[in-house]
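Below is one structure, written out as structure tokens; the observations come after it.
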Amino acid sequence: MSTTTTDLQDEIDTHASHDDHHHGPEKGLMRWVKTTNHKDIGTLYIWFAFTMLLIGGAMAMYIRAELFQPGMQFFDPQFFNQMTTLHGLIMVFGAIMPAFVGLANWQIPLMIGAKDMALPRMNNWSFWILPFAGAMLLSTLFMEGGAPAFGWTFYAPLSTTFAPDSTDFFIFAIHMLGFSSIMGAINVIATIMNMRAPDMKLMDMPLFVWTWFITAFLLIAAMPVLAGAVTMMLTDRNFGTSFFDAAGGGDPVMFQHIFWFFGHPEVYIMILPAFGIVSQIIPTFARKPLFGYSSMVYATASIALLSFVVWGHHMFLAGMPIGGQLYFMYATILISVPTGVKVFNWITTMWRGSMSFETPMLWAVAFVILFTIGGFSGLMLGIAPADIQYQDTYFVVAHFHYVLVTGALFSIIAAVFYWLPKWCGRMYNEKLAKVHFWWAVISVNVLFFPQHFLGLAGMPRRIPDYSLQFADFNMISSIGGFAFGASFILLTYIIVDCIRNGKPVNGRVWESAKGLEWSVDSPAPYHTFDTPPTRKQILEETSHIGH
Amino acid sequence: MNYIILIFFIFIIYSLASALYYMMKDGGGSKRMVKALTLRVGISILLFLFILFSFWMGWIKPAGVA
Amino acid sequence: MQSRSDYFVPDGSYWPILGSIGMAALLGGFAASLHDSLVGTISMILGFGIIIFMLFGWIGQVINESETGTYNLQVDKSFRIGMGWFIFSEVMFFAAFFGALFYARQLSVPWLAGEGNNFWTGENLWPEFKSVWPLIKMPDTTNFTVPKGIIEAWEIPAINTLTLLTSGATLTYAHWSLMDENRSGLIGGLIATIILGVIFLGLQAFEYIEAYQHLDLKLTSGIYGSTFFMLTGFHGLHVTLGTIMLIVILMRAIRGHFKKDRHFGFEAVAWYWHFVDVVWLGLFIVVYWL
């Protein structure tokens, strides 16, 4: 894999002329270890995320295999719980978040006309922490007592008093992942504030850049709180403190408050960049400027602000005064206003556009529809009295998989199809990609839609066995799961095939795409925008201004 | 009394935060940062003296085992 | 010296990967040593060494690049933004622990004693338990150490507050001296700040020993001990870091680094010190007073 990209980029470099300090990439493996180039680091991030996605996906296959039929089939319950826990942690911290940071690394400098990220050496460090943290997290599987089995939310006292020894490794893996995210976010902020082309105003920026800018603030505010939570867990486990132990005056519910104070902004960390991606793709294929650009920016900012004051809706049943329940319910439902603004803007952008449905557009449209389903089930869960029924059932599982799989993951796949030709200079196989899209989008609905029914009928989440009345829907869901899992084999093939054998493309891959990234060659040269773009160029490449 | 201390504290945080803002915004040449930091030290010392004074007047007493 | 005009993008570097290896060795080793693994302890020490080596190497390279005019004003600005938002992340980290303190004081301790609609909680779990702060007698004392008392605000804490406040003043004096191109004032102010910082740390260590040996106030002393030691402990860690950074700045000042209008390293460390100072003031008020 890496050799191909290296060759490609070497080729580019011999063509381009550079002044003294601008040599091309180094040769060999050390290029990737030492690199300070935002494109290299973006590539590393995306491949790492893809690897983690496959590992986490394999765990999901285990889970669906066990749930294929009632009764205990393959694993003991302890191992099943380890699988659900690690699946969640790996997908959130190993796949979705690094994938977005990878996209940010590749695209933000290209989209704002910057020559690189603002702090390139630190950029390298934020990536290279990840493989170590990921390895530490996965190594818990092979430890005595097994991996953490308390769910990805690691509530106390399951994660303190009753957890296996490997939990301490999990804690430090989280510390490292958080450290990496914070450094990545600082870099994004410094890049956008300081490296933007001098003639590009904030409100000229493409929406992907805007949404990432806001996401970066969320990361800086939320990740340290998670670090604090796991630190308290560490001392409760090993040094006799009693933060989460009522016998010492603490409170296990306090863990939930601290965790969700991080956890809810985290939800938006995983979806705001997705909003940005979709807002880039839809105008390109609808051949119209994005409808309501500034309202999109304000909506993103208000979602981000609100995300810090709604964490209690995750804990309606954990013991909360009625006033708290009411407040958290109304605040939560308020978020649907800015989210609705976004969905309507995407639809209005498509309205009367000359639409065409290349693969990125298919994924983006699927995102809008399926994410909205996830949003609606979120509204249902946000209603405190109704949540008494839904809490801890498969309805919750269905809800967050609709927003994270058909939301966040779909947007990442859309982004990869949209920008892959720019990255490697070659076009993917459109026919195969469409086959893959329909395969994935049908199977993912077979996988997750029946889980709504299971949840409403009362099937609890995080269990390896269930009563007979849930058997049919579980079997359907598992079949969908295997089909969806298999679709990633095809996806891998399409991407590898594109990088190796794809037809070369020119700079403007999509004929109606606007944005500075399309004004450079495909594949993007190793160094771009050594001289920042002019105001004229920026205006030409920005669809929402100058009309 | 707690509120007065709180107000002092808000001013301290404000001057500290504005120093951070000036550090990010201005280059090294500007004196706004060092002025904000001077203000922050000044208010902090005032607050400490105020706590001292209120203790002496018996308005507040330290946390302790009753 | 003329600084280069374009934005400096460094060549590939080994420091980050070294940092990652060090971090993994340190934290992985720490986790293992918590479960009595000797290899873990060795790995932890090794990892710590690697990180120290990496920090000196990396920061040394940055200082060198800075002094040889590699950074233009735009790079300087990136560092400023980076430092600013890093500090913000630190604020949020402390916020988690302050949040835990307030939650325990205002909510969980009163609830355990039956406040609000928690009458039956109190009645069923620990009917004898009374809600007071500082919480000396935790609901169930079997697994915890009941302290004989707590650290009095008018002893070491007040002296320490005065020490840190004075150090803020001496640092500000150094800052003004730098702006007024008074090199000896800068160096003198820095030396005074460092000495005060070391005094603070010494007194803090003394206070901890006092708490452990005479008062039986330990990490295991229920939620009061937990919040007390975690808050003051993390603060102490930051003072330690700040002191080390001030020493680096002092060395640079002696070597003639920093100009009237180019001294970001000084500003960053100074702000960090003021931040740590204010956190202490907050601790002094909410932990020892209110």
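The residues of segment C:114-139 that are closer than 17 Å to A:Met320 by Cα, more than 10 Å from chain A (Cβ to nearest Cβ) and not charged (D, E, K, R), listed by number, are C:Gly114, C:Phe119, C:Trp120, C:Gly122. Under the condition of being more than 25 Å from C:Tyr71 (Cβ to Cβ) and open to solvent by 90 Å² or more (accessible area, probe 1.4 Å), the residues counted in segment B:7-48 number 7.
Of all the residues in segment C:67-90, those that are more than 7 Å from every other protein chain (Cβ to nearest Cβ), part of a helix (DSSP H, G or I) and buried (at least 20 other Cβ atoms within 10 Å of the Cβ) number 3.
Taken as a whole, the structure places A:Lys514 among residues that are open to solvent by 70 Å² or more (accessible area, probe 1.4 Å) and closer than 27 Å to A:Met203 by Cα. For residues in segment C:92-140 being among the β-branched types (Val, Ile, Thr) and either without any contact (Cβ under 8 Å) to a residue 24 or more places away in the chain or touching a strand residue (DSSP E or B) at 6+ places or on another chain (Cβ under 7 Å) (or both), which is surrounded by the most Cβ atoms within 10 Å (Cβ to Cβ)? Once the filter is applied, the top-ranked residue is C:Thr121.
Among the residues in segment A:412-429, are any part of a helix (DSSP H, G or I), surrounded by fewer than 21 Cβ atoms within 10 Å (Cβ to Cβ), in contact (Cβ under 8 Å) with a residue 40 or more places away in the chain and touching a Leu at 6+ places or on another chain (Cβ under 8 Å)? No - not one qualifying residue is present in segment A:412-429. Just the residues that are at the interface with another protein chain (Cβ under 8 Å from one of its Cβ atoms) and not in a loop (DSSP other than H, G, I, E, B), please, taken from segment A:192-204. A:Met193, A:Asn194, listed by residue number. Within segment A:133-166, the set of residues being closer than 29 Å to A:Thr393 by Cα, open to solvent by less than 10 Å² (accessible area, probe 1.4 Å) and facing chain C (nearest Cβ under 9 Å) comprises A:Ser166 only. Screening the candidates C:Gly168, C:Gly197, C:Gly236, C:Gly188 for the property of being in contact (Cβ under 8 Å) with a residue 12 or more places away in the chain and within 14 Å of chain B (Cβ to nearest Cβ) yields one hit, C:Gly168. Restricting attention to segment B:49-61, and to residues there that are open to solvent by 30 Å² or more (accessible area, probe 1.4 Å) and outside any helix (DSSP H, G or I), which single residue is farthest from the other protein chains (Cβ to nearest Cβ)? This residue is B:Gly58. A:Met122 fulfils the conditions (1) within 26 Å of C:Phe93 (Cα to Cα); (2) open to solvent by less than 30 Å² (accessible area, probe 1.4 Å); (3) touching a residue at least 40 places away in the same chain (Cβ under 8 Å); (4) of a type in the set (A, V, I, L, M, F, W, C) except for a single criterion, (2). In this structure, does A:Ile277 turn out to be at pLDDT 95 or above and out of contact with any Pro (no Cβ under 7 Å at 6 or more places or on another chain)? Yes, satisfied. Only one of the numbered conditions (1) outside any helix (DSSP H, G or I); (2) away from chain A (no Cβ under 13 Å) is not met by C:Lys218, and that is (2).
Every test in (1) at the interface with another protein chain (Cβ under 10 Å from one of its Cβ atoms); (2) out of contact with any Ser or Thr (no Cβ under 8 Å at 6 or more places or on another chain) is passed by C:Ala32 save one, and that test is (2). Only a single criterion out of (1) open to solvent by 10 Å² or more (accessible area, probe 1.4 Å); (2) more than 8 Å from chain B (Cβ to nearest Cβ) is not satisfied by C:Leu290, namely (2).
Looking across segment A:342-390, the residues that are open to solvent by 50 Å² or more (accessible area, probe 1.4 Å), assigned to a helix (DSSP H, G or I) and closer than 14 Å to A:Gly292 by Cβ come down to A:Phe344, A:Ile347. Screening C:Ile63, C:Ile45, C:Ile51 for residues that are open to solvent by 40 Å² or more (accessible area, probe 1.4 Å), of a type in the set (A, V, I, L, M), in contact with a helix residue (DSSP H, G or I) (Cβ under 8 Å, 6 or more places away or on another chain) and more than 10 Å from chain A (Cβ to nearest Cβ) leaves exactly one candidate, C:Ile45. Residues being open to solvent by less than 10 Å² (accessible area, probe 1.4 Å) and aliphatic (A, V, I, L, M): count how many of those fall in segment A:72-91. Number satisfying all stated conditions: 4.
Is there a residue being more than 7 Å from chain A (Cβ to nearest Cβ) and in contact (Cβ under 8 Å) with a residue 60 or more places away in the chain anywhere in segment C:8-28? There is at least one residue in segment C:8-28 that is more than 7 Å from chain A (Cβ to nearest Cβ) and in contact (Cβ under 8 Å) with a residue 60 or more places away in the chain.
Among the residues of segment A:172-190, at least one is β-branched (Val, Ile, Thr), within 25 Å of C:Gly40 (Cβ to Cβ), buried (at least 21 other Cβ atoms within 10 Å of the Cβ) and in contact with a helix residue (DSSP H, G or I) (Cβ under 8 Å, 6 or more places away or on another chain). Filtered by the rule that a residue be more than 11 Å from chain C (Cβ to nearest Cβ) and either in a loop (DSSP other than H, G, I, E, B) or on the phi > 0 side of the Ramachandran plot (or both), segment A:111-132 gives a lone residue, A:Gly113.
The values are calculated or read from the model by the stated rules, or taken from the named source; none is laboratory data. Note that the coordinates shown come from a computational prediction; the quantities given were computed from them, not determined experimentally. Don't worry about glycine lacking a Cβ; one is built from the backbone with ideal geometry, like all the others, and counts go over all protein chains shown. To get the accessible areas, we keep the full protein, side chains included, count just its heavy atoms, and leave off ligands, DNA and RNA. Shrake-Rupley method; radii C 1.70, N 1.55, O 1.52, S 1.80 Å.
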